[in-house]
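Chemist: Sending over a structure as C-alpha cells; questions will come in a sec.
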Amino acid sequence: MTLRQGLLAALVGASVLSAAASAQQAQTPPPPPKPAEEPQQKPMFRGGARYVRVDVFPTDRDGVPIEGLTAQDFEVYEDGKLQQIDTFEFVDIEPEPEEARIDPNSQREGEEAAKDPRARLFVIVLDTKHVEVLGGAHIRRPLIDMLDRLIGPRDLFGVITPQLRPSDLILGRKTLTVTDMLQRYWTWGTSGSITARDQPEEHFTDCFGGPRDSPAMGGEDPHWDPLLTRELVARKRERETLEHLDGLVAKLGSIRDEKKAVIVVTQGWRQFGRNDAAATQLAASDIPGIYIGRGRISRQPQNAAPGQAVDMANCHSQATNLLMMDNRQFFRDLLAKAQRANVSFYPVDPRGLAVFDTPLGQGPPRDILGDFASLRNRRDGLMELAENTDGMALISSNDLSGTLRKLAQSLSTYYLLGYYSSNTKFDGGYRRLEVKVKKPDIKLKARRGYFAPTQEEIDSIAAGRAAASAPVPAETAALAAALARLEEVRHDRDLFLQAARVSDGIVIGAELGVTTRQSAAWQKGGELRLVVSGDSGNQVIETRAIEPMRSGVVVRVPLKADGDVRIDARARSGAGGAADTTLALPAGGGNPLIGDAISFRGFARGLMPAADGRYRRTERATIEAPLGAGAIPDGARVLDRHGKPLNIPITSRERIDPQGTRWITAEVVLAPLAEGDYVIELEATRDAARERKLFAIRVVR
C-alpha cells in the first residue's frame, strides 16, 4: 500500500475506528453543554410561516468575537423587510479534551447529531493534488492543535480528500485517529510530483509526451506536445477538486441549515478558462487513425508491450473537453451555491508565505513574472472563496499555528437568532437575509439566505399528516406508538425520563444522556430533583443522589393519581453539570393487565435505568412492566420494527418487588441483533382476556 492509498484508507475508517475505541472506553467522554438549553428546534412550518434560524458572528475591527449583545442590538431583514426576532441565544463553546468526547455510532447518527443548531460542524478537505509534499509536514501539527482547541462537547468534524466521494464523509468528535493519520501519512501532498500521477493522467503522457520530454523529441509528430500534457493534467486535477467541493457543499446543505465550516488545505487553483487557441491547434493537428508506438513511427505508451496502440482520436476528444472547460465560471457558481447552503470556506495555504508558485523540488521558475502572476492568481482565488462565503483566508503567513489559533477563536462564540418569516408564499424562491447591528464598529458575518419550501412540499407534508391521522388497525397503531418514543432519542438530549404507574404511586427511571453522563463534570456523580404533579394539584418532591459512575436512578414516588401527571426533573453535579427535562404521563384507564414498561441496562445486581432507549450490542436489555390484579405473565418476544417476530432468545419471568408489586420482566442479550430499531412484546392473560405491551429499543454499534 502506498502512502497516498494509506491516507485514503485511513480517512474512510477514521471515525469508525474512533467509535469502536470509544465503545471500549465506557467511562470516558464528552461533557454537557454549558448554557441551559431549550429543546432542539428545527426550521418548521407554523401558522403558515416558516421558522428561520440565523447564525451571527460579530467581531471588532481586529477580528475578536464580541460578547454581551442582546436581541435588541440586532435587526434581521428578509428581502429587505424587517422581521421580528422570536428567539435569541448566545453560544459560547469551550473545547473539551480528547478523553471527554464520544463519537457517533454510525454515519447516520453523526449526521443526525449535526442537525443540532448548537453543534458546530467542521469539515477539513486535504486537497492532495494542490499541496506539495512538504505542505503535509508543515500543516500536520498546527492542524491537530487547532482541532484540539476547536471541538466542543456537541461539535462534529470530518476529514476528506477529493479522491473520496462527499457521500463518504463520516462525522465524529474524537481526533485521535485523525491525529495518527496526519502524523503517519504526512506525505499526502502530490503537487509537482510526477510519480503521483494516476492512470488517466498517464494516458495524456502516452498521447502527447511526458513532463521530462522536450517538444523536439517528437520530431515532426504533430501530436507531440509535453507542455500540453502538463496543462491537461493541471486542468483535470483542478476540475476534480472543484467538483468535489461542489458536491461537498450539496452534501452539507442537505444535513442542516445552520452554518457549516469547510477548512480547505490547499495552495489554490489557477481557475483555468477556455483555451480556444490550444483546442483549435489540436484540431488542426488531428490526423485520423490509430498510431502504433510513440507517434507515427516510434512512440510507444510507457510500461506497455511493443506495438500497443494509442487511440489518438480518444486522446483528442478527452483533451478538447478539458481545454473547453471554464473553471472560472464553475468557481463562481460554487461560490453562489455555498452562499445559499450557508457553507463558509476557510482556505489554508500550508506553504505559509510562498515566494514562488513553482514547487520547490523543481527549482526556481524559468518565467519569474509568469510564476508571480500564477501565485497571485491562486491567492486571489482563495481570498475570493473566503470573502464570498463569510469565511477567512488563512494564507501568506509562516505562523500556521497562530493563524489556525485565530480561526478557532473566531468560531468559538456566536449568536443564534430565530424568527417566523413574514413571507408566507411557498414558491421555492430564494430569500435574501441581511443582519444589522445597532452598535458601532462591529463587523458581522451571518447567514445570507435560504430557499423557501414549494407548495408541493407543503402539500406533501399535509398529506403525510393526514395519513398519520387516518384510522389504522389497533395492532399497527400500537406498534407505531411504541416506535414513536425513539423519535426523542437524540445525542443532544441531556436527561431522559420514563415512568410506570403502580398501586402505591409512580416508579420513575431517570437517565443522563450519553454525552452528559460520560463527561468530566459528572464523574463524581450529582443529584436529581423530581417534582411530580397531579392534575388535581397534589404534588410530591423527591431528591436522590446520582452515584459516581452511574447513569441515573430509579425513584418510587408516593403520588396516587389516575389523571394526567407531570414530572419535572432537574439534575445537577458538583462540578457544574446541569440537565433538565419534563415528562407528561397521560391518564390511566380501567384495570389493565400490563402497565407502562420501563427499561434497564446491565445485569440483575447492577441494573441501571435505560430511559433513552439506546443499547449497544454488547449490552443486555431488561424490560419490566407492572402486572394488574389477577394478571398472569404469558411470555415475551422480540419483534422487528414491522412487527414480525424474530428468532432471538428472550427470558421472561415474574418479579415481586419489596413493596409487593408484581412485574413481568423480559431479558434479552443484544449481540445477535444488527443496528436498528426493535420492539419487545410482553404478554399477560386473565381468564379469557389477553393483553400485550410493546416497548421499542434502538440497538447501536
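Chemist: Quickly run through segment 374-398 and pick out the residues that are without any contact (Cβ under 8 Å) to a residue 40 or more places away in the chain and either open to solvent by less than 40 Å² (accessible area, probe 1.4 Å) or within 30 Å of GLU96 (Cβ to Cβ) (or both).
Modeler: LEU375
Chemist: Which one of the conditions (1) open to solvent by less than 40 Å² (accessible area, probe 1.4 Å); (2) without any contact (Cβ under 8 Å) to a residue 60 or more places away in the chain does ASP148 fail to meet, given that it meets all the rest?
Modeler: ASP148 satisfies every listed condition except (1).
Chemist: Is it the case that some residue within segment 617-629 is open to solvent by 40 Å² or more (accessible area, probe 1.4 Å), within 19 Å of GLU475 (Cβ to Cβ), modelled with pLDDT under 90 and touching a strand residue (DSSP E or B) at 6+ places or on another chain (Cβ under 7 Å)?
Modeler: No, that holds for no residue.
Chemist: Counting only residues that are assigned to a strand (DSSP E or B) and without any contact (Cβ under 8 Å) to a residue 60 or more places away in the chain, which one in segment 151-165 is farthest from LEU248 (Cα to Cα)?
Modeler: Ranking the candidates gives LEU156 first.
Chemist: Among (1) of a type outside the set (Lys, Arg); (2) closer than 30 Å to MET392 by Cα; (3) modelled with pLDDT under 85, which single condition is GLY268 missing?
Modeler: Of the numbered conditions (1) of a type outside the set (Lys, Arg); (2) closer than 30 Å to MET392 by Cα; (3) modelled with pLDDT under 85, the odd one out for GLY268 is (3).
Chemist: Looking at ALA666, ALA611, ALA684, which is the one that is in a loop (DSSP other than H, G, I, E, B) and either open to solvent by less than 70 Å² (accessible area, probe 1.4 Å) or within 27 Å of ALA474 (Cβ to Cβ) (or both)?
Modeler: Going through ALA666, ALA611, ALA684 in turn, just one is in a loop (DSSP other than H, G, I, E, B) and either open to solvent by less than 70 Å² (accessible area, probe 1.4 Å) or within 27 Å of ALA474 (Cβ to Cβ) (or both): ALA611.
Chemist: Between THR187, THR177, which is in a loop (DSSP other than H, G, I, E, B) and open to solvent by 10 Å² or more (accessible area, probe 1.4 Å)?
Modeler: THR187
Chemist: Mind checking whether some residue in segment 477-491 is at pLDDT below 90 and either assigned to a strand (DSSP E or B) or in contact with a helix residue (DSSP H, G or I) (Cβ under 8 Å, 6 or more places away or on another chain) (or both)?
Modeler: Yes: segment 477-491 contains one or more residues that are at pLDDT below 90 and either assigned to a strand (DSSP E or B) or in contact with a helix residue (DSSP H, G or I) (Cβ under 8 Å, 6 or more places away or on another chain) (or both).
Chemist: Here is a further query. Identify the single condition in (1) at pLDDT 80 or above; (2) in a helix (DSSP H, G or I) that ASP257 does not satisfy, given that it satisfies every other one.
Modeler: Of everything listed in (1) at pLDDT 80 or above; (2) in a helix (DSSP H, G or I), ASP257 misses just condition (2).
Chemist: Hey, could you check segment 551-582 for residues that are out of contact with any helix residue (DSSP H, G or I) (no Cβ under 8 Å at 6 or more places or on another chain) and part of a loop (DSSP other than H, G, I, E, B) and say which is most open to solvent (accessible area, probe 1.4 Å)?
Modeler: Across segment 551-582, the extreme among qualifying residues is LYS560.
Chemist: For residues in segment 65-86 being loosely packed, with under 12 Cβ neighbours inside 10 Å and closer than 25 Å to LYS406 by Cβ, which is farthest from the chain's Cα centre (by Cα)?
Modeler: Selected residue: GLY68.
Chemist: Additional query: Testing SER573 on (1) under 19 Å from ARG517 (Cα atoms); (2) out of contact with any strand residue (DSSP E or B) (no Cβ under 7 Å at 6 or more places or on another chain), one condition comes back false. Which one is that?
Modeler: Single failed check for SER573: (2).
Here's the yes/no breakdown for (1) more than 30 Å from GLY192 (Cβ to Cβ); (2) in contact with a helix residue (DSSP H, G or I) (Cβ under 9 Å, 6 or more places away or on another chain):
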{"position": "GLY80", "(1), (2)": "yes, no"}
{"position": "ASP103", "(1), (2)": "yes, yes"}
{"position": "VAL131", "(1), (2)": "no, yes"}
{"position": "ARG154", "(1), (2)": "yes, yes"}
{"position": "GLN163", "(1), (2)": "no, yes"}
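Chemist: Sticking with this structure for a sec: Let me spell it out: the conditions are (1) out of contact with any Pro (no Cβ under 7 Å at 6 or more places or on another chain); (2) crowded, with 18+ Cβ neighbours inside 10 Å, and SER519 meets all of them except one. Which number is the exception?
Modeler: (1)
Chemist: Next question. Of all residues in segment 635-674, which are of a type in the set (D, E, K, R) and either under 19 Å from ALA625 (Cα atoms) or more than 34 Å from the chain's Cα centre (by Cα) (or both)?
Modeler: ARG637, ARG653, GLU654, ARG655, ASP657, ARG662, GLU667
Chemist: A further question follows. Kindly indicate whether THR543 is open to solvent by 60 Å² or more (accessible area, probe 1.4 Å), farther than 13 Å from ALA499 by Cα, in contact with a Leu (Cβ under 8 Å, 6 or more places away or on another chain) and in a loop (DSSP other than H, G, I, E, B).
Modeler: Here the answer is no, as THR543 does not meet what is asked.
Chemist: So, one more: Of everything in segment 130-141, what is assigned to a helix (DSSP H, G or I) and open to solvent by 10 Å² or more (accessible area, probe 1.4 Å)? Give them in sequence order.
Modeler: HIS130, VAL133, LEU134, ALA137, HIS138, ARG140, ARG141
The values are calculated or read from the model by the stated rules, or taken from the named source; none is laboratory data. Everything quoted here is computed from the prediction, not taken from an experiment. A quick note on method: Cβ atoms are made from the backbone with ideal geometry, for glycine too, and the neighbour counts reach across all protein chains shown. Note: areas computed on protein heavy atoms with side chains; ligands, DNA, RNA excluded. Shrake-Rupley method; radii C 1.70, N 1.55, O 1.52, S 1.80 Å.
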